[in-house]
Amino acid sequence: MSGHSKWHTIKHKKGAADAKRGKVFTRIIKELTVAARAGGGDPDANPRLRTVVAEAKSVNMPADNIKRAIQRGTGELPGVSYEEITYEGYGPGGAALIIETLTDNKNRTVGELRHLLTKYGGNLAAENSVAWMFDKKGYIVIEKSKVDEETLMAAALDAGADDMRDDEDSWEIVSAPDAFQKVLEAIRALGLEPGAAEIAMLPQNYVKLEGKPAQQMVKLMSDLDDHDDVQNVSSNFDISEKEIEASLA
């Protein structure tokens, strides 16, 4: 899962979670609103909403903010209507991209995404051009220093995880989407807070990037992460730690 885990590494090195708290809050508020609109405002009866509420609490979002976002989704409060749109494309070096967005103006969003991809030598592609290269999976990352391998593996597999993989400083736990919530709850029952926990599009194969394409890819991913309408980006790139350091210098 090089592309996926490398991007988490990049965001960690950027200090994105702290330096861009406002951006994180904006993304989660949109997700809360859409999840509540789609499945109702009760987290116990809406697994998608329950997952987003847990994420909101993990970044210390005030309870009032969470409540208002949910009420906008259920219609109890007035609010903007967001549309979920997924775009596909290619980045530098031919790396595939799946860009998940929530937008109140799809014409604006697609224009801005097209501009960003073109800026770094990429392009938007037709629907299903790259989606076949990915599998939808539950994806959880735990730092190795927080737990021993056997304890984590036993909890994850007993809860329904498919696999646990070694990714240098972290363990990556993969599950079917419908098992994700149960696996996440089992891990949290150990007193662990994941570095990442999401339903993600994980690549089946990888494109190795070096030199200029690698540095362009890091900058493109950073700019996409900064875009207010972008909720999540999946890619199949593999970049060395040296290239990441050079790109962020």
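Numbers below:
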| read-out | value |
| --- | --- |
| Positions within segment 189-225 being open to solvent by 60 Å² or more (accessible area, probe 1.4 Å) and without any contact (Cβ under 8 Å) to a residue 60 or more places away in the chain, in sequence order | 189, 190, 191, 208, 210, 215 |
| Scope segment 187-212; condition under 24 Å from residue 35 (Cα atoms) and in a loop (DSSP other than H, G, I, E, B); matching residues | 193, 194, 195 |
| Filtered residue count, segment 157-174, keeping only those that are in a strand (DSSP E or B) and either surrounded by fewer than 16 Cβ atoms within 10 Å (Cβ to Cβ) or in contact with a Gly (Cβ under 9 Å, 6 or more places away or on another chain) (or both) | 6 |
| Cβ-Cβ under 6 Å pairs, at least 6 apart or on other chains, segment 41-63 side within 20 Å of residue 77 (Cα to Cα), far side acidic (Asp, Glu) and buried (at least 17 other Cβ atoms within 10 Å of the Cβ) | 52/31 |
| Selection count where residues are among the aliphatic types (A, V, I, L, M) and touching a residue at least 40 places away in the same chain (Cβ under 8 Å), scope segment 175-188 | 4 |
| Count of residues meeting criterion [farther than 16 Å from residue 98 by Cα and surrounded by fewer than 14 Cβ atoms within 10 Å (Cβ to Cβ)] in segment 131-146 | 2 |
| Those residues of segment 47-89 which are surrounded by fewer than 19 Cβ atoms within 10 Å (Cβ to Cβ) and assigned to a loop (DSSP other than H, G, I, E, B), in sequence order | 59, 60, 62, 75, 76, 77, 78, 79, 80, 81 |
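The values are calculated or read from the model by the stated rules, or taken from the named source; none is laboratory data. Here the structure is a predicted model, which means the values were calculated and not measured. Cβ sites come from the backbone with ideal geometry, for glycine too, and all protein chains shown count toward neighbours. Surface areas here come from the heavy atoms of the whole protein model, side chains and all, with no ligands, DNA or RNA. Shrake-Rupley method; radii C 1.70, N 1.55, O 1.52, S 1.80 Å.
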